[in-house]
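The values are calculated or read from the model by the stated rules, or taken from the named source; none is laboratory data. Worth saying up front: this structure is predicted, and the values here are computed from it rather than measured. Every residue, glycine as well, gets a Cβ built from its backbone with ideal geometry; the counts of neighbours run over all protein chains shown. Accessible surface is based on the protein model in full, side chains and every heavy atom, while ligands, DNA and RNA are left aside. Shrake-Rupley method; radii C 1.70, N 1.55, O 1.52, S 1.80 Å.
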Amino acid sequence: NRSSDLKQKGRVMSEIQKFSEERVLWVKRHSPKHLTFAISRPESYRFEAGQFSRLGFYEGEGFIWRAYSVISAEYADTLEYFVVLIEGGPMSALLDKIQEGDSILLDKTAQGFFLPGRFPDGRDLLMLCTGSGIAPFLSMLHQPEIWQRFDTLALAHSVSYPSELVFNEFLGSLKDHPLVGEFAHKLRFVPVTTRGTEEGTLHFRLPEALKNGSLSAAFDLPFSKEHSRFMLCGNPQMVQDTFKALLGMGYAMHRNKIPGQIMMENGF
C-alpha cells in the first residue's frame, strides 16, 4: 500500500544520506578467493589504523553491507581492502565480480575500537591473526606512531597453505618505507601454515603455538604480563581459542577502566 511504500522510500533516503558512492580504482587477484582492491577516498573520510569501513552495493530496492578493515595508511589518498571470498556468501559473490571503474558504496563513518593506542603501557605488541584478520595490522604498520611507541612489533599470520601468505613481499619492503623504514628492524614476522609443510613456517594453530611455547621461540621473544600486549583478529574460533589460551597463561582482557594485556576484533 501507499503508506508502506512511503516508509520504504523514507528508509532508503535516510540510508543514502549516510554513505557516498565511490569508484573502484584497481583490483588485484592473488588467488581465486583472495583479492585486494582500492577505492576513491572522500576528503572528509577519517579513520584510525585498526578501524573498519562498511562497504556496500545496491541490492534491489535496498542495500547489502559488510565490514572490512582498511589496510592502507591513515594518510593515504585512497582506501585499500583485503578480502577472502566466502563460497556462497552474497557479498563475496558481488566482490568476486568487481573491476576497475565499478562503483561501490562507502559508509561515511569508520567504526571500531581495535586500536593499539588503547593500551596504556607495554613494550612488545603481539599481532596474532588468521586470513583476512591481517588487514588492520597492515594499516597499523604504515603508521610511524606505533613503531615509536613499541620496542617490538611481532606479527603472526596463520593461513591454511603457504600460497595464502600474500603480504610477505609487503612486509619485506617495509625497510624501504619512507616513514617507517628506519624502524623496520623492530618487526618480527612469523608465518603460520596449518595445512602446509613449508620450511620456515610454524605448523601449529595459534592457541597451541602459544601454549607449547613455539610462538615465543619463533619470535625469539619472551612473553610477560609486564611487557606483552596481544591483539587478536580473524576467524572467530581462533580468536576465542587464543583468548582462552592467553587467559590460561595469566593474561587478562583489556578494558578502559581495567587495563589488561589482550584486545580482540571479532568482526571477521
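The condition (being open to solvent by less than 50 Å² (accessible area, probe 1.4 Å) and among the charged types (D, E, K, R)) is satisfied by just one residue among Asp220, Asp241: Asp241. You will find that of Tyr68, Tyr81, the residue that is open to solvent by 10 Å² or more (accessible area, probe 1.4 Å), touching a strand residue (DSSP E or B) at 6+ places or on another chain (Cβ under 9 Å), assigned to a strand (DSSP E or B) and under 20 Å from Ser20 (Cα atoms) is Tyr68 and no other. If you go through segment 221-252 and pick out every residue that is more than 19 Å from the chain's Cα centre (by Cα) and either of a type outside the set (Asp, Glu) or under 29 Å from Phe82 (Cα atoms) (or both), you end up with 16. Only helices (runs of 4 or more DSSP H) whose full extent lies in segment 103-209 are considered here, and the ones with at least 1 residues that are in contact (Cβ under 8 Å) with a residue 12 or more places away in the chain, crowded, with 21+ Cβ neighbours inside 10 Å and in contact with a strand residue (DSSP E or B) (Cβ under 9 Å, 6 or more places away or on another chain) are 135-140, 144-149. Scanning segment 85-95 for residues that are of a type outside the set (Gly, Ala, Ser) and either touching a residue at least 60 places away in the same chain (Cβ under 8 Å) or open to solvent by less than 40 Å² (accessible area, probe 1.4 Å) (or both) yields Leu85, Met91, Leu95. Taken as a whole, the condition of being at pLDDT 95 or above and loosely packed, with under 14 Cβ neighbours inside 10 Å does not apply to Gly260. Screening the candidates Leu125, Leu115, Leu94 for the property of being aliphatic (A, V, I, L, M) and in contact with a Pro (Cβ under 8 Å, 6 or more places away or on another chain) yields one hit, Leu125.
A search for C-beta distances below 8 Å between a residue of segment 211-236 that is without any contact (Cβ under 8 Å) to a residue 40 or more places away in the chain and any residue that is assigned to a strand (DSSP E or B) and open to solvent by 50 Å² or more (accessible area, probe 1.4 Å), counting only pairs 6+ apart in sequence or on different chains, returns Asp220/Arg188. Note on segment 222-237: among residues that are more than 12 Å from Met253 (Cα to Cα) and in contact with a strand residue (DSSP E or B) (Cβ under 8 Å, 6 or more places away or on another chain), the one that is modelled with the lowest pLDDT is Asn235. For the condition under 30 Å from Arg66 (Cβ atoms), modelled with pLDDT under 95 and in contact with a Pro (Cβ under 8 Å, 6 or more places away or on another chain), Asn266 qualifies. Annotation: of all residues in segment 36-61 being in a strand (DSSP E or B) and out of contact with any Asp or Glu (no Cβ under 8 Å at 6 or more places or on another chain), the one that is surrounded by the most Cβ atoms within 10 Å (Cβ to Cβ) is Phe52. Any chance segment 243-263 includes a residue that's among the aliphatic types (A, V, I, L, M) and touching a residue at least 60 places away in the same chain (Cβ under 8 Å)? Yes, there is a match, as at least one residue in segment 243-263 is among the aliphatic types (A, V, I, L, M) and touching a residue at least 60 places away in the same chain (Cβ under 8 Å).
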